[in-house]
Every structure is written in C-alpha cells, then in structure tokens.
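What follows is a short report on a single structure.
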Amino acid sequence: MSRRPLLVIAMLVVLVYFSLIVFMLRPLNGSRGYYGNNLINHFGLREARINWCKNLRWRSPPSPNVVALVSYPGSGNTWLRYLLQQATGVVTGSIYMDYGLRMHGFPAENVTDGSVLVVKTHEAPPLESDKFKSAILLIRNPRDAILADFNRLHKGHVGTAPKSAFKKNKYKKSDWSTYVFHQLSVWKTLHNLWLTKFSGPVHVLFYELLVQDTRNNLSGVLDFINFTYTEKDINCAVMNREGIYRRRKKYQDFEPFTHEMYESINRVWRSVLDKVTEYKKKHNITQNKDISYLID
C-alpha cells in the first residue's frame, strides 16, 4: 500500500478522535441553560434516562461560596449528588471528568466554581484555603466503601467484580488483601484530614443514615448549604431516590473479608467515629444519636 492512503487513513482517525473529544467536552445543552428529561444529541446517544423533578440548571449568578462534597470513593457521592439535583434542580460539579456521568445526568462534570451546587472530590483538603468555603463529608463504613470502589474499578458504577478478582494471583502487582489494608489507611487519612485540617465548617453525613432516613438527612444537607427548598421538593427527591447509579448486590453467599481484615476495619472505623465526635464537641454541634452502633 502506498503512503498516501495510509496518510489519509491516519488523518481520518485523528479527525474522528478529536471530534469525539470535542463532542464529549461540550455542554450537554450547548450552553449553561436547562437540562431537561428528554434531551437527545444529534446521534441519539445523550438522552437523559432520568425523570428529574425539575429541569436542571446552573446557578445564576454563581455563588461566591463553593461547597465541597467530600467522600472516599464508593461512599455514595454520586447518589447524594443525584438526590441534591432532584431536590434543587441545580447541577452538581466535580473536580473530575467522568464521561459516563456527564452523559447520564451530571452535565457539570469538571466544573468547580460557584455555578454548581456542590463539587465532588475524593481528595485531601486543598492547599488553597479559599478553594472551598465549606464541606459536606459523606462517610460510609470502610468495609462497604472499599468493596464498592473495588467493584467500580472492575465493573464500573453499577457492576460487581467477579469472584476471581478477590483471589490471590502471583502475576498481579497487588492482591485483594494488600488492596484492603492499603485502602483502609487511605480511608482513615482522608476523613481525619477534613475533620482536623480544613478551616471551614464541615457537615458530617453518614451514608448509612442517608439510606435509613433520606428525607431528614437530605434536608439537613440543604439546610447546611443554605438552599431554600419546599416540602414538595423533598417529597419528589425521596420518591425518585433510587436513580440509575445504585449498585445491586450480585453475590449473596460470598464473603471476601477475613477475620483479620474485619479487626482492622472496625479499629479504623471506630477511630474515625471518635474524630467525628471530637469535631462536633469542639464546634458545639448537636449529635442527635449515638453513632457507635454503625460499627458491625
């Protein structure tokens, strides 16, 4: 084959690649306007398969106070963003660019300013003291959070890792056991840093309590960020609480955690709960109930 056809093919590949990049990066509605229930792009690939309580919009004018939505991966951050968008109609942002989320209900991926309601992050508090004015710290039992993120790494936001992924493999750089103990350290450090190093106010929310009592805990978040809402808004969000990013359990009789892992999990879990209690006492925040029962 001569060089010219090869050059033409190469140029076409490059053109298609950059066209896809531009297509993915542009706002879903062409501008920062409304994102309704039936929006479809030219190729029919961007239909939002979500029944929103109200059309999504950007904050206008943008708020001067950017709120961080902090969590360890696998702790329900995407679900809470979904609930907030249902209750308020305002898009939520992220320091990341997840194309899957951007195409399915979260048009403000990679937006981190006051035009969004909250900004998702899994990172430690930023060095820039004025980046976030306040933070919502979403905490989930480390056992479930680590397992959920392991599933995400293998099968995306709603899939489940195969049982083979939990078996020790001499050809892998890191096995399941190594992963668990390393992530326990990451989980603990993340929460401790936001509870002790962040200078702004922190609203602590436990994933387990959000599941048990979505209405009151969602209302608490909206009160914290000083967003005006009605009972109708909360009712609609609760009625549509499931969304499309809730992972369903695949294995009913499968236990990937060992006794040694559980001992470490409970020890780390208890230490962070103690930090939460200390934080609330220091800032005179009422703790409505004993949270120690969250430890299995």
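The values are calculated or read from the model by the stated rules, or taken from the named source; none is laboratory data. Computed from a predicted structure; not experimentally measured. Cβ placement follows ideal geometry from the backbone for every residue including glycine, while neighbour counts extend to all protein chains displayed. Just so you know, the surface numbers come from the protein's heavy atoms only, side chains and all, with ligands and any DNA or RNA stripped out. Shrake-Rupley method; radii C 1.70, N 1.55, O 1.52, S 1.80 Å.
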Verdict on Lys167 being open to solvent by 80 Å² or more (accessible area, probe 1.4 Å), of a type in the set (Lys, Arg), at pLDDT 65 or above and farther than 24 Å from Ser94 by Cβ: yes
Contacts under 6 angstrom Cβ, first residue in the stretch 173-202 being touching a residue at least 40 places away in the same chain (Cβ under 8 Å) and within 14 Å of Ser271 (Cβ to Cβ), partner surrounded by 14 or more Cβ atoms within 10 Å (Cβ to Cβ) and charged (D, E, K, R), 6 or more apart: Asn192/Lys275; Leu195/Lys275
Condition check for Phe18: among the hydrophobic types (A, V, I, L, M, F, W, C), in a loop (DSSP other than H, G, I, E, B) and at pLDDT below 70: no
Single residue of the stretch 170-188 satisfying the filter (surrounded by 13 or more Cβ atoms within 10 Å (Cβ to Cβ) and charged (D, E, K, R)) that is modelled with the highest pLDDT: Lys188
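Quick grid of which residues meet (1) at pLDDT below 75; (2) touching a helix residue (DSSP H, G or I) at 6+ places or on another chain (Cβ under 8 Å); (3) hydrophobic (A, V, I, L, M, F, W, C); (4) open to solvent by 100 Å² or more (accessible area, probe 1.4 Å):
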| site | (1), (2), (3), (4) |
| --- | --- |
| Asp223 | no, no, no, no |
| Phe227 | no, yes, yes, no |
| Lys232 | no, no, no, yes |
| Cys236 | no, yes, yes, no |
| Asn240 | no, yes, no, no |
| Tyr245 | yes, yes, no, no |
| His259 | no, no, no, yes |
| Glu263 | no, no, no, no |
Glu109 part of a loop (DSSP other than H, G, I, E, B) and either of a type outside the set (D, E, K, R) or open to solvent by 10 Å² or more (accessible area, probe 1.4 Å) (or both): no
Scan of the stretch 189-216 for residues that are in contact with a helix residue (DSSP H, G or I) (Cβ under 9 Å, 6 or more places away or on another chain), in a helix (DSSP H, G or I) and surrounded by 19 or more Cβ atoms within 10 Å (Cβ to Cβ), ordered by number: His191, Leu195, Tyr207, Leu210
